[in-house]
Amino acid sequence: GGNGAGKTTLFRVLCGLLRPSSGRARVAGADVADEVRALRHRIGYMFQRFSLYADLTVAENFAFFASTYGLTRRKARKAIEDAVALTGLEGLQAEPVARLSGALRQRVALGCSILHRPAVLFLDEPTSGLDPAARYTFWQLIRTLSSAGTTVVVTTHNLEEATYCNR
């Protein structure tokens, strides 16, 4: 959909960040209005303006988000290792996020959004502003997550990208 179509607003409702003005919705078995805490443990989300901390390193961002998901140290360590491997960020853990390219920052944001292994992952225009090679790489990550059983919901302005989706 185009700008102003309501994609981001709908995502915010489905993620429990905005209360629906009417009707009911359930995501991953949780009511988006009444079971927000349960919902947030079952979903991951990466919005256009992702919420990384630029002054922190990649590792520090991962550790922070692992703690917000309530992961124990042991589970966090494993989840971070898995996310770093999946997103191809090996060797970059000590880099401040502010020094990374936009494509790498988006991979960090994706990694942070999947640390708790969500059943549903919302990606709001995740490849916006990426060059074609980085866009292709990111879509490979999306396909990997989807083939592993994560439901991935994506918004895009790019009709070519819409053909990458299976529904």
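The values are calculated or read from the model by the stated rules, or taken from the named source; none is laboratory data. On a predicted model such as this, the values are computed, not experimentally measured, just so you know. Neighbour counts run over all protein chains shown; Cβ positions are idealised from the backbone, glycine included.
A quick yes/no check of all residues on (1) hydroxyl-bearing (S, T, Y); (2) modelled with pLDDT of 90 or more:
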residue	(1), (2)
L92	no, yes
P96	no, yes
R105	no, yes
L110	no, yes
E125	no, no
S128	yes, no
A133	no, yes
L145	no, yes
E161	no, no
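For first residues located in segment 120-142 and part of a helix (DSSP H, G or I), partners that are among the aromatic types (F, W, Y) and lie 6+ apart or on another chain with Cβ distances below 6 Å form the pairs W139/Y164.
Remark: pairs (first residue in segment 148-167, free of Cβ contacts under 8 Å to residues at least 40 places away in the same chain and closer than 10 Å to T127 by Cβ; second residue among the hydrophobic types (A, V, I, L, M, F, W, C) and surrounded by fewer than 12 Cβ atoms within 10 Å (Cβ to Cβ); Cβ separation under 9 Å; 6+ apart in sequence or on different chains) = V154/A162; T156/A162.
Residues are listed down the side, and each one gets a yes or a no for (1) in contact with a Lys or Arg (Cβ under 7 Å, 6 or more places away or on another chain); (2) surrounded by fewer than 16 Cβ atoms within 10 Å (Cβ to Cβ); (3) not charged (D, E, K, R); (4) not in a loop (DSSP other than H, G, I, E, B):
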site	(1), (2), (3), (4)
A83	no, no, yes, yes
L86	no, no, yes, yes
G91	no, yes, yes, no
A98	no, yes, yes, yes
Q106	no, no, yes, yes
C112	no, no, yes, yes
L115	no, no, yes, no
P118	yes, no, yes, no
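Residues that are under 16 Å from Q93 (Cβ atoms), in a loop (DSSP other than H, G, I, E, B) and of a type outside the set (A, V, I, L, M, F, W, C) were ranked within segment 22-67; the one that is modelled with the lowest pLDDT is Y53.
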